[in-house]
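The values are calculated or read from the model by the stated rules, or taken from the named source; none is laboratory data. As the structure is a prediction and not an experimental result, all values here were calculated from the model. Backbone-built Cβ (ideal geometry, glycine too); neighbour counts: all protein chains shown. To get the accessible areas, we keep the full protein, side chains included, count just its heavy atoms, and leave off ligands, DNA and RNA. Shrake-Rupley method; radii C 1.70, N 1.55, O 1.52, S 1.80 Å.
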Amino acid sequence: MSNNQDAKEWEETIFSRIIRQEIPTELLYQDELVTAFRDISPRAKSHILIIPNKLIPTVNDVEPEDEQALGRLFTVAKKLAAEEGIAEDGYRLIMNCNRHGGQEVYHIHMHLLGGEPIGPLVAI
Ligand code: DGP
């Protein structure tokens, strides 16, 4: 049991509305498990978010039954990296968790960053 399982932490975020296409967003990919779209404030030439359709607030809230959807994040990352033309040069996949990880939106999401050198993993 994580400490995020209270009513406040499980509230929907803007990402639920994007999944339901309630706000204008160019979806790059969507199926029954995951949705992908461009980050609103890109930190690289190519910056895509890939998210499970199910609301899972943080990695601390992941359960075994989520494995199929979370595995799908990787196969969609591979597909979108190829479509963006960044697969060969390379890219970085990031998932932040809670405050120290720098998480801002409490609906887990994989960042796909590429199109240019991304720099060191952690700035020091
Ligand atoms: P994180 O810090 O890992 O929680 O990243 C959250 C990302 O979500 C951040 O890079 C900005 C992006 N973001 C927040 N709100 C929106 C939105 O409404 N639309 C889109 N496309 N991206 C958003």
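Please find, within the range 7-35, the residue that is nearest to Leu113 (Cα to Cα) out of those that are open to solvent by 100 Å² or more (accessible area, probe 1.4 Å) and touching a strand residue (DSSP E or B) at 6+ places or on another chain (Cβ under 8 Å).
Among them, the one singled out is Glu26.
Inside the range 98-117, can you point out the residues that are in a loop (DSSP other than H, G, I, E, B) and surrounded by 15 or more Cβ atoms within 10 Å (Cβ to Cβ)?
Those that are in a loop (DSSP other than H, G, I, E, B) and surrounded by 15 or more Cβ atoms within 10 Å (Cβ to Cβ): Gln103, Tyr106, His107, Ile108, His109, Gly115.
Hey, among the residues in the range 36-67 that are touching a residue at least 60 places away in the same chain (Cβ under 8 Å) and outside any strand (DSSP E or B), which one's surrounded by the most Cβ atoms within 10 Å (Cβ to Cβ)?
My answer is Ala44.
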